[in-house]
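Structure first, then comments.
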Amino acid sequence: VKPEDFGGEKNPLRSSRLARFMQCPWSEAMQHLAMVEDEQAGAAADTGSAMHFAAQLWHTRLKGDARLAVAAMRMALERYPFADLDSAEDQFRRYAADPRNLAAKVVLVEAAVRVEIPPAPGDPTGAPVIVMGTVDQVREEPGGLRALDIKTGGKYEGPDMLDEHCLQLAAYQLGATYLLGREVRAASIIRTKDYLKTDRMKRPKPGPVFWEAPWSLDDCRALMRSVAAAVAEVRRGLFRHAPGGHCRYCPAGGVAQCTKRLP
Ligand code: SF4
C-alpha cells in the first residue's frame, strides 16, 4: 500500500480507528502500510460481538423474543470464540427488558455506512477521504433521527467515553445521513455495562446506560475536515508519531520500536 492510497477507495479508514489515527497518525499508517498487524481479538471484544449479535436478532428477525435471541447467540460461538457468554447474556437480557429499547423505533440495525470527506488543501492526490464503518442502530425519535452505538465495556464512562468515541460516532452520523437521505442530528452511546452496576453493598444500582453526545451535525463535518487534514499529511509522506498513554495499546510495541520504522 502506498502512502498516497492512504484513506482512499482502495484503503479506506475505519470509523472505529479514527481516534487512534488522530492520536498518532504513524500508528495507523504503519498498519495501512502493512508494517505491523493489529489483533483486536480477545475476550472483551468477543463478548461485545456476542451481545451485539443478540441485540441485532432481537430487533430484526426474532422481533422482541429475548429467549430465542439468547439461544441463537449461544449457538453462534464460532463467531466470537473468546466471548464470556454469561456476561453477554446478562447485559443483553437487561437491554431487552429496558422500556427505552422495547419502545424504540429502529430504522437501521448493524448497517454499513460510508463517509466521503473532501480532500484537505495541500492533499497531493486531490482524492476524497473515505471512512467505512458499521452503525449499530439508527432510531426514529420525536426530535428526529439518532445514531446509537452499543458499548459493552471500555475504560471510560460518561463524558470521557463520549469524547473517546466522538470521531467514531460522528462518522456514523454522517454515514447514516448519507445512507438514509435524512439528517441524523443526534448520537448516543448505550453503555450496557451500566445495567450491571451495584452500590457499595453490592445491591443493583444501574447507571444511566444512555449517554447523549453534545455535538451537532455541523460539528461532525468540522471533525471530519480535521481527519482529512491529517490524511493529507500521510499522503504527502509526512508521518507524525505522537507518543502518549495510547502507546501501550499500539501494535508497534512502543516508541523505541516505532521510531526505527519511520521512513
Ligand atoms: S508507539 Fe506510540 S508514538 Fe509510536 S506509533 Fe505507536 S502510538 Fe505512536
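Residue 57 meets all of the listed conditions (1) within 14 Å of residue 150 (Cβ to Cβ); (2) within 16 Å of the ligand (Cβ to nearest atom); (3) of a type outside the set (S, T, N, Q) but one, namely (2).
I'd like to verify a number: residues in region 47-76 that are hydroxyl-bearing (Ser, Thr, Tyr), surrounded by 15 or more Cβ atoms within 10 Å (Cβ to Cβ) and either without any contact (Cβ under 8 Å) to a residue 40 or more places away in the chain or within 18 Å of residue 98 (Cβ to Cβ) (or both), how many?
1
Just one of the numbered conditions (1) assigned to a strand (DSSP E or B); (2) in contact with a helix residue (DSSP H, G or I) (Cβ under 7 Å, 6 or more places away or on another chain); (3) of a type in the set (D, E, K, R) is not true of residue 140: (2). Return the residues of region 83-93 that are in contact (Cβ under 8 Å) with a residue 40 or more places away in the chain and more than 21 Å from the chain's Cα centre (by Cα); say none if nothing qualifies. Within region 83-93, just 90 meets the criteria. For region 82-115, the candidate set comprises residues that are of a type in the set (A, V, I, L, M, F, W, C) and touching an Asp or Glu at 6+ places or on another chain (Cβ under 6 Å); within that set, the residue that is surrounded by the most Cβ atoms within 10 Å (Cβ to Cβ) is 83.
Look through region 1-25, keep the residues that are among the basic types (Lys, Arg) and surrounded by fewer than 17 Cβ atoms within 10 Å (Cβ to Cβ), and return whichever of them is modelled with the lowest pLDDT. Let's see the steps before the verdict.
Here is the first cut: in region 1-25, the ones among the basic types (Lys, Arg) are 2, 10, 14, 17, 20.
If we keep only those that are surrounded by fewer than 17 Cβ atoms within 10 Å (Cβ to Cβ) too, we end up with 2, 10, 14.
Values: 2: 87, 10: 91, 14: 96.
Selected residue: 2.
Quick grid of which residues meet (1) over 25 Å from residue 6 (Cα atoms); (2) not in a helix (DSSP H, G or I):
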{"site": "82", "(1), (2)": "yes, yes"}
{"site": "88", "(1), (2)": "yes, no"}
{"site": "100", "(1), (2)": "yes, no"}
{"site": "115", "(1), (2)": "no, yes"}
{"site": "122", "(1), (2)": "no, yes"}
{"site": "125", "(1), (2)": "no, yes"}
{"site": "132", "(1), (2)": "no, yes"}
{"site": "171", "(1), (2)": "no, no"}
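Residue-wise test of (1) in contact (Cβ under 8 Å) with a residue 12 or more places away in the chain; (2) more than 16 Å from the ligand (Cβ to nearest atom); (3) in contact with a Phe, Trp or Tyr (Cβ under 6 Å, 6 or more places away or on another chain).
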position: 6; (1), (2), (3): yes, no, no
position: 33; (1), (2), (3): yes, no, no
position: 45; (1), (2), (3): yes, yes, no
position: 81; (1), (2), (3): yes, yes, no
position: 95; (1), (2), (3): yes, yes, no
position: 99; (1), (2), (3): no, yes, no
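Taking region 201-259 as the range and being among the hydrophobic types (A, V, I, L, M, F, W, C), under 19 Å from residue 19 (Cβ atoms), more than 22 Å from the chain's Cα centre (by Cα) and more than 13 Å from the ligand (Cβ to nearest atom) as the test, only 232 passes.
The values are calculated or read from the model by the stated rules, or taken from the named source; none is laboratory data. Everything quoted here is computed from the prediction, not taken from an experiment. Neighbour counts run over all protein chains shown; Cβ positions are idealised from the backbone, glycine included.
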